[in-house]
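Structure record follows, encoded as structure tokens.
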């Protein structure tokens with residue numbers, strides 16, 4: 001299923017790297033576990049291979065194409081009612097599906113640019129950004145993940161602002 005060195009994301013525990021396998025004897029029964037070193041010095045997670053649910057544990061993103069695709073699609077207008085929009089956004093983030101997390105982040109950034117965010121909206125937006133960053137930082141193929149993510153976000157939002165007729169070029173630009 002996973003090899004040593006693979007980078008993964010667990011739906012509850014976040015990103016980590018497979019560091020090996022371990023056999024543990026419990027009540028006279030031996031059980032095999034995959035050992036995952038979690039990012040941010042949060043310890044080691046042990047998961048039985050036969051109990052790995054693909055919806056719960058998956059490999060990390062190895063590039064930014066999914067995020068780029070999401071941000072280049074038109075942002076969805078979020079409800080003006082915070083009690084309906086916030087649970088929907090939080091559900092997308094809790095899904096740990098990078099596409100859904102990126103959609104939530106895109107839509108919140110768009111709302112921030114054209115309207116305003118509540119403090120809870122800002123926390124949700126920061127949580128979405130953190131989730132994407134945590135996953136990208138652990139991927140060996142993605143260097144300077146924060147800078148790349150910010151560039152994708154800014155370029156896409158600028159494109160959407162222009163399309164909506166809301167973009168004003170800075171003085172001196174042509």
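The values are calculated or read from the model by the stated rules, or taken from the named source; none is laboratory data. Note that the structure is predicted; figures quoted are calculated from it, not measured. No Cβ is skipped: glycine too gets one built from the backbone with ideal geometry, and neighbour counts run over all protein chains shown.
Taking the stretch 13-31 as the range and being in contact (Cβ under 8 Å) with a residue 12 or more places away in the chain and either within 30 Å of residue 156 (Cα to Cα) or in a loop (DSSP other than H, G, I, E, B) (or both) as the test, the residues that pass are 13, 14, 15, 16.
Between 107, 115, 80, the distinction of being farther than 27 Å from residue 6 by Cα and at pLDDT 95 or above belongs to 107 only.
Only a single criterion out of (1) free of Cβ contacts under 8 Å to residues at least 60 places away in the same chain; (2) surrounded by 17 or more Cβ atoms within 10 Å (Cβ to Cβ) is not satisfied by residue 64, namely (1).
Scanning the stretch 56-66 for residues that are out of contact with any helix residue (DSSP H, G or I) (no Cβ under 9 Å at 6 or more places or on another chain), outside any helix (DSSP H, G or I) and farther than 22 Å from residue 3 by Cβ turns up nothing.
Of all the residues that make up the stretch 1-22, how many are surrounded by fewer than 17 Cβ atoms within 10 Å (Cβ to Cβ) and in contact with a helix residue (DSSP H, G or I) (Cβ under 9 Å, 6 or more places away or on another chain)? Give the derivation first.
The initial filter retains those residues of the stretch 1-22 that are surrounded by fewer than 17 Cβ atoms within 10 Å (Cβ to Cβ), namely 1, 3-6, 11-12, 19-22.
From what's left, in contact with a helix residue (DSSP H, G or I) (Cβ under 9 Å, 6 or more places away or on another chain): 1, 11, 21.
The total comes to 3.
Could we say that residue 135 is surrounded by 13 or more Cβ atoms within 10 Å (Cβ to Cβ), in contact with a strand residue (DSSP E or B) (Cβ under 6 Å, 6 or more places away or on another chain) and either in a loop (DSSP other than H, G, I, E, B) or modelled with pLDDT under 95 (or both) here? Let's see the steps before the verdict.
Working: surrounded by 13 or more Cβ atoms within 10 Å (Cβ to Cβ): yes; in contact with a strand residue (DSSP E or B) (Cβ under 6 Å, 6 or more places away or on another chain): yes; either in a loop (DSSP other than H, G, I, E, B) or modelled with pLDDT under 95 (or both): yes.
So residue 135 fits the description; yes.
Among the residues making up the stretch 17-57, those that are on the phi > 0 side of the Ramachandran plot and touching a strand residue (DSSP E or B) at 6+ places or on another chain (Cβ under 9 Å) are 20, 40, 43. Taking only the stretch 32-55 into account, find how many residues are part of a loop (DSSP other than H, G, I, E, B), out of contact with any helix residue (DSSP H, G or I) (no Cβ under 6 Å at 6 or more places or on another chain) and within 15 Å of residue 15 (Cβ to Cβ). Number of matching residues: 4.
Is there a residue in the stretch 83-100 that is surrounded by fewer than 17 Cβ atoms within 10 Å (Cβ to Cβ) and part of a strand (DSSP E or B)? Within the stretch 83-100, not a single residue is surrounded by fewer than 17 Cβ atoms within 10 Å (Cβ to Cβ) and part of a strand (DSSP E or B).
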